[in-house]
Amino acid sequence: MDFQVVILAGGFSSNLVPLVSKEVPKALLPVANRPVLSYVLDLLESSNLKDLIVVVEGEDAALKVGGWISSACVDRLHVEVAAVAENVGTAGALRAIAHHLTAKDILIVSGDIVSDISPGAVAATHRRHDALVTAMLCAEPVSGPSESGGTGGKDKTKKPACYDIIGLDSSRQFLLYIATGAEIKKDTRVKKSILSAAGTMEIRSDLMDSHVYAFKRSVLQEVLDQKPTFRSLKQDVLPYLVRRQLRSDVFSDDKIVEENGNGNGKNNMQNNEVVLSQILSNASLPSFHQVYESVLNGRKTHKCCVYIADESKYCIRLNSIQAFMDVNRDVIGDANHLSGYSFSSHHNIVHQSAELGSKTTIGPHCMLGEGSQMGDKCSVKRSVIGRHCRIGSNVKVVNSVVMDHATIGDGCSIQGSVICSNAQLQERVALRDCQVEAGYVVCAGSEHKGETFARK
């Protein structure tokens, strides 16, 4: 297809503290005991996209991500790791590696998605429409615990703090408007020319911009060059292109030239709108872009397209602590086809080298990693336990994630929490909806709810 693939893998993301650390950048956070980046690489490989640039924010994070890629993917993929400055945003990261981009089209994939939606389908849609940009949309993921017990996060009945507002044409092929919920105030403004051309606009708040985009390279690079203040693909670049898609020149600030070219803008535009309404009734014209180009005497517009994934598909971004809990729950639960593991007849995964004490139970939708040990009378429900963990007796773990090399003392109770690598819980600690930083020690006999444990 002659696509260049760029994975934007981030760095030490502040909204994932204390899960991320100097030792574990965002791209290497574990999902079912595998780095989240591994799911992205597998997804691209399944579409035969094997020549990749992984962009990481920060030299230290890039070294760690590059080291993991070298050991895990050396024979499967050709991956170049590029380090950029921290906190430059997605647009800034692409601006920094622009000299690496040479193909006609660029496929950009967020390094934090876990999905079974084919990126190849996005690329094919982009080429079919000869689009300027194509964005992948999918159903908003369900957030919260799968069953009662430890909450593991917010109530499903609560509205999400931030959602996407998407405007689509009647064919659901073209993007007319996009904004995040945080940007929606009292009024929402849509370009009159786009509404006039499209005739109607379908407003959706149940779709998520999954941060998978196909761009025409020449225009993307021109936007990045001419708009140096743009930091975000989603909040800056994509809305800018959507607003200007009916201009014959993406960067022109002039009003669209009318059909007869005599410069009587307002009256002729009104006349054009009448013509548009008449032409739109002709079902033989497949898109409003072709309608508008006919009004402009064939002058080319710029298509902003969408690929909307089937509702049965899975897609979630690991961009918050709640999302981290959700994706670990799902990949060992309803979306276990993504895990790459074979589940037992009990619908769980217990590594053959793991050791279980007397009367210890590992329930369905659970995972116990290589070399981990559990004492007597322990109970694990809907949780992931990493490799080489040491867990005492009479320990309960529900709706939680315990990372590699953690130590948990006798009599502990852990619900809806994340215990990072090499952390230690002394005897009889009770945690509910907490996060414990890597290497942190929680003192014996303490009880905590909704707290974050991190060294200052």
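Observations on the structure shown:
- Residues Arg204 and Asp334, FRET efficiency given R0 of 22 Å [Cβ-Cβ distance, rounded to 0.05]: 0.40
- Euclidean distance of C-alpha centroids, the stretch 357-392 and the stretch 90-133, integer Å: 40 Å
- Efficiency of FRET between Asn87 and Ser446 - r from beta-carbon atoms, R0 25 angstrom, step 0.05: 0.10
- Taking 0.36 nm per residue of separation and subtracting the Cα-Cα distance, full extension of the segment from Arg390 to Lys359 would add 9.5 nm.
- Per-bin percent of Cα-Cα distances, the stretch 345-453 [10 Å]: 17, 57, 24, 2
- Given their separation in residues at 0.36 nm each and the Cα-Cα distance between them, His351 and Leu63 gain 100.7 nm when the chain is fully extended.
- If R0 is taken as 25 Å, the Cβ-Cβ distance between Arg127 and Leu195 corresponds to a FRET efficiency of 0.35.
- Annotation: extensible slack from Lys22 through Lys50 equals 7.2 nm (criterion: 0.36 nm per residue apart, minus Cα-Cα distance).
- Average projected area [Cα convex hull, the stretch 20-112], square nanometres: 6.1 nm²
- Per residue, the stretch 345-453 exposes 43 Å² of accessible surface when a 1.4 Å probe is rolled over the protein heavy atoms with every protein chain present.
- Accessible-area composition of the stretch 345-453, carbon plus sulfur, in percent [1.4 Å probe]: 43 percent
- Sorting the segments 321-330, 37-46, 94-103 by their residues' average number of neighbouring beta-carbon atoms within 10 angstrom, most packed first, yields 321-330, 37-46, 94-103.
- Above-threshold pairs, the threshold being 24 Å between Cα atoms, out of Lys381/Lys449; Lys192/Lys313; Lys234/Lys456: Lys192/Lys313; Lys234/Lys456
The values are calculated or read from the model by the stated rules, or taken from the named source; none is laboratory data. Since we're looking at a predicted model, the values are computed, not measured. So basically every Cβ, Gly included, is an ideal-geometry build from the backbone, and we count neighbours across all protein chains shown. All accessible areas refer to the heavy atoms of the entire protein, side chains included, with ligands and DNA or RNA removed. Shrake-Rupley method; radii C 1.70, N 1.55, O 1.52, S 1.80 Å.
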